[in-house]
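Attaching a single structure in structure tokens format; questions to follow.
Please treat every number below as a calculation from the coordinates, not as lab data. Quantities reported herein were computed from a predicted structural model and do not represent experimental measurements. Cβ: placed from backbone, ideal geometry, glycine included. Neighbour counts: every protein chain shown.
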Amino acid sequence: MGFKRRCASSSGGRRLRLRRPAQDARSEGLPYAVLGLLEQPLDPALVSERETREGRLVQYIEGWVIINQANRIFGFDGWGAEVVGEVAYRPLSLADPETGEALAMGMYTATVRVAVRGCPPKADVGCSFVSQDTPEAHEAAYKGAVTDAMKRALRHFGDQFGNRLYDRRNGPDATPALSEGTPRPWAPASPAKVEEMRRRVLELSARLGIDEDRALAWVGKRYGQPLDALSATQVADAVRSLAHELNRRNGVPASGRPNRRQAA
């Protein structure tokens with residue numbers, strides 16, 4: 001409803017009609033149209049899936065999809081993202097506790113702030129791991145950290161940006177590909193595989209600053225026999241123990257595996 005007001009003017013006091021703002025406009029906060037879009041459920045077609053090293057199925061939204069979502073919901077000129085501070089690099093030596101395989105040699109971290117017209121800015125931190133010491137790997141990890149941070153900042157706006165996918169209590173990423181309590185298929189390690197694991201014992205020891213003589217002495221004391229005589233199970237246990245120690249020194253969680261959010 002509008003209202004009328006008389007106003008003296010040179011034209012003889014003509015009437016001016018002052019109209020209420022449009023129904024979908026707000027003086028503060030996000031427009032009603034944007035809020036309506038944010039309240040809608042996420043389109044399953046936008047969700048991608050991948051399998052982790054542990055056999056778990058993880059759901060995630062790719063970076064370009066997140067940007068398309070923001071453009072659709074907020075408008076091309078209604079939002080923006082910026083890197084806060086420097087994109088930092090931290091060298092680390094991350095090994096798989098099961099096999100001793102090198103998983104990462106460094107990690108990039110970034111903070112991104114997202115500004116949307118009509119509400120306070122949102123910020124979050126992202127990371128990405130470098131698996132090889134090549135220009136291409138560093139470039140991919142650098143960009144991955146920024147993309148990860150942007151995705152995590154936008155998830156503050158709810159399910160349209162995949163916020164529920166981070167809920168580890170629900171969803172496919174909370175359920176292993178094999179049901180709980182079901183043993184994984186197992187086959188005896190081949191002689192070549194056992195020999196490779198023996199070499200990994202010495203390699204991991206060297207990365208810990210332990211020379212070969214001390215490493216062999218540690219194996220003999222721990223298992224009561226030399227490295228060459230260890231069974232596949234014993235060698236795997238030695239690799240696992242050394243990898244855990246290496247990861248502990250680098251401040252890596254006991255799982256020994258990076259949390260790859262940029263793929264989530």
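Roughly how many debye, to the nearest 20, is the charge dipole of the range 191-249 about its Cα centre, given +1 on each Lys and Arg Cβ, -1 on each Asp and Glu Cβ, and no other charges?
260 debye
Roughly how many debye, to the nearest 20, is the charge dipole of the range 32-179 about its Cα centre, given +1 on each Lys and Arg Cβ, -1 on each Asp and Glu Cβ, and no other charges?
540 debye
Have a look at I73, L165, P135 and report the one farthest towards the positive end of the charge dipole of the range 32-179, computed about the Cα centre with Cβ charges (Lys/Arg +1, Asp/Glu -1).
With unit charges placed on the Cβ atoms, the residue in question is I73.
Still on this structure, please answer the following. Determine the relative contact order of the range 32-179: mean sequence separation of Cα pairs under 8 Å and six or more apart, normalised by residue count, in whole percent.
26 percent
Label Y166 and E195 with points 7 Å out from Cα along Cα→Cβ: what is the distance between them in nm?
Rounded to a tenth, the inter-label distance reads 4.9 nm.
Taking a ≥ b ≥ c as the square roots of the Cα gyration tensor eigenvalues, with a/c under 1.5 meaning rounded and otherwise prolate when a/b beats b/c, else oblate, which class fits the range 32-179?
Note, shape of the range 32-179 comes out oblate.
Now, a different point. Going by amide H atoms built from the backbone, whose H comes under 5 Å of the H on R56, apart from near neighbours?
Distant-sequence amide H within range of R56: A177.
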